[in-house]
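The values are calculated or read from the model by the stated rules, or taken from the named source; none is laboratory data. Because the structure is a prediction, the values reported are computed rather than measured. For neighbour counting, all protein chains shown are included, and Cβ atoms are generated from backbone atoms with ideal geometry for every residue, glycine included.
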Ligand SMILES: Cc1ncc(COP(=O)(O)O)c(C=O)c1O
């Protein structure tokens, strides 16, 4: 059964039924510049009549919790920020919206509080297509407390667009970008006590945002569900690099493939991560914290790490002041938002980006290699192991030294995320 692209519950000409044109952050920021100020939005949210844009008629129902949150609430949760890792820490609520085939629409975004004992659980149909057939896609992004006391999300529209691509691939209804933005902002706002404070007080942590879309309707025969749940949860996470950047040795997985050509590697579906568990655990058991996959067809091209993209740097001078950024193009690689950010930063610096197939033979010729993704921005890789062979990376391989390009790019991204540096491309999105 194919399904008709759903409309947002409160229909507007732009959102109903038709495939959405992708919005760039730049265009969005123009649209958002007409929005009410942050305090006005906060008040309106509490009143339940916040409009996500002046050009749509989307409204938020009045089921929001009573307390109005403001910048003064940011980072006030009683947590030891410096001890946070990348684990689930319950906050006060998550938000959700449900799509049903009979109405072909999404319900208004609602907040769901975790209950008196803080259990982050929800009832799910025992025959849910997510549980049985893996009809589940997700996203990951972060909100940061910034130097100017505001809280901002990093490139959320890109996550909305990727979730849409993932949903289409698994024959799921699309979450309209405005609904995505509304849910993400609302969840961050309502849990703003859990955004680690800016600077030393918050130990460089952030609020991780996890949007999830899954088939919640029950079905025994294989087919798409008649009900889907879109939820957004948040959880505070620590800064992985509190002790400074440190390189790792990566392990090339040769026993398993991550993604087949024309399969689902290019989208963020839950099953990709289930399939990576055994290979990544085996790599860890051998002492390698991250594993690198090659292309499934020939085992000749570098694709990506289990949960992050691959980038190689070629210096054009002695110190890496001038360089080329090389990252694999492949139909089965997930288009990472951090990788895209690094490519764009590289181009802004006037350097070249090569987005093309990268052969395994090239690996040892890079001056720097790193993994890149939302969780830690950059993980420098200074050696790669394939079977018995160790492939050294750069001149300082094995010395624990992180290359200058990785360091510079890491610092630039973090500075933009936390409002310490200008954001000329309008990547950040104001929440509070
Ligand atoms: C397989 C895979 N590749 C790449 C990435 C990096 O994507 P992003 O930078 O959007 O986090 C991720 C992380 O989500 C991932 O799971």
Residue in the range 219-238 that is in the same structural domain as residue 202 (by TED's automatic domain parsing), closer than 30 Å to residue 184 by Cβ and surrounded by fewer than 18 Cβ atoms within 10 Å (Cβ to Cβ) present: yes
Test: residue in the range 318-327 that is crowded, with 21+ Cβ neighbours inside 10 Å, within 11 Å of the ligand (Cβ to nearest atom), closer than 24 Å to residue 395 by Cβ and touching a residue at least 12 places away in the same chain (Cβ under 8 Å): yes
Residues of the range 126-145 that turn out to be out of contact with any helix residue (DSSP H, G or I) (no Cβ under 8 Å at 6 or more places or on another chain) and surrounded by fewer than 24 Cβ atoms within 10 Å (Cβ to Cβ), as a count: 6
Number of the exception - residue 401 against (1) assigned to a loop (DSSP other than H, G, I, E, B); (2) free of Cβ contacts under 8 Å to residues at least 40 places away in the same chain: (2)
Residue 61 vs. criteria modelled with pLDDT under 95, in a loop (DSSP other than H, G, I, E, B) and farther than 16 Å from residue 181 by Cα: no
Residue match in the range 193-201 (condition: assigned to a helix (DSSP H, G or I) and over 22 Å from residue 376 (Cβ atoms)): yes
Identity of the residue in the range 88-122, more than 30 Å from residue 226 (Cβ to Cβ) and either surrounded by 17 or more Cβ atoms within 10 Å (Cβ to Cβ) or touching a residue at least 60 places away in the same chain (Cβ under 8 Å) (or both), that ends up farthest from the chain's Cα centre (by Cα): 92
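Residue by residue, here is whether (1) closer than 15 Å to residue 304 by Cα; (2) outside any helix (DSSP H, G or I); (3) modelled with pLDDT of 95 or more holds:
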site: 384; (1), (2), (3): yes, yes, yes
site: 409; (1), (2), (3): no, no, yes
site: 412; (1), (2), (3): no, no, yes
site: 421; (1), (2), (3): no, yes, yes
Residues that are over 30 Å from residue 97 (Cα atoms), within 16 Å of the ligand (Cβ to nearest atom) and touching a strand residue (DSSP E or B) at 6+ places or on another chain (Cβ under 6 Å), drawn from the range 249-274: 250, 251, 252, 253, 258
Failed item, numbered, when residue 240 is tested on (1) within 19 Å of the chain's Cα centre (by Cα); (2) at pLDDT 95 or above; (3) not in a strand (DSSP E or B): (2)
Within the range 275-307, tally of residues that are away from the ligand (no atom under 13 Å from the Cβ), part of a helix (DSSP H, G or I) and in contact (Cβ under 8 Å) with a residue 12 or more places away in the chain: 3
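With 173, 196 as the choices, which residue is buried (at least 21 other Cβ atoms within 10 Å of the Cβ) and under 23 Å from residue 429 (Cα atoms)? Write out each step before concluding.
On the way: 173 fails: under 23 Å from residue 429 (Cα atoms).
Just one listed residue meets the conditions, 196.
Identify, please: which residue in the range 328-353 is in a strand (DSSP E or B) and within 23 Å of the chain's Cα centre (by Cα) and is, among those, farthest from the ligand (Cβ to nearest atom)?
Residues of the range 328-353 in a strand (DSSP E or B): 328, 352-353.
Those still in the list that are within 23 Å of the chain's Cα centre (by Cα) too: 328, 353.
Values: 328: 11, 353: 15 Å.
By that ranking, first place goes to 353.
Residue-wise test of (1) assigned to a loop (DSSP other than H, G, I, E, B); (2) farther than 30 Å from residue 426 by Cβ.
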{"residue": "119", "(1), (2)": "yes, yes"}
{"residue": "123", "(1), (2)": "yes, yes"}
{"residue": "137", "(1), (2)": "no, no"}
{"residue": "144", "(1), (2)": "no, no"}
{"residue": "148", "(1), (2)": "yes, no"}
{"residue": "164", "(1), (2)": "no, no"}
{"residue": "168", "(1), (2)": "no, no"}
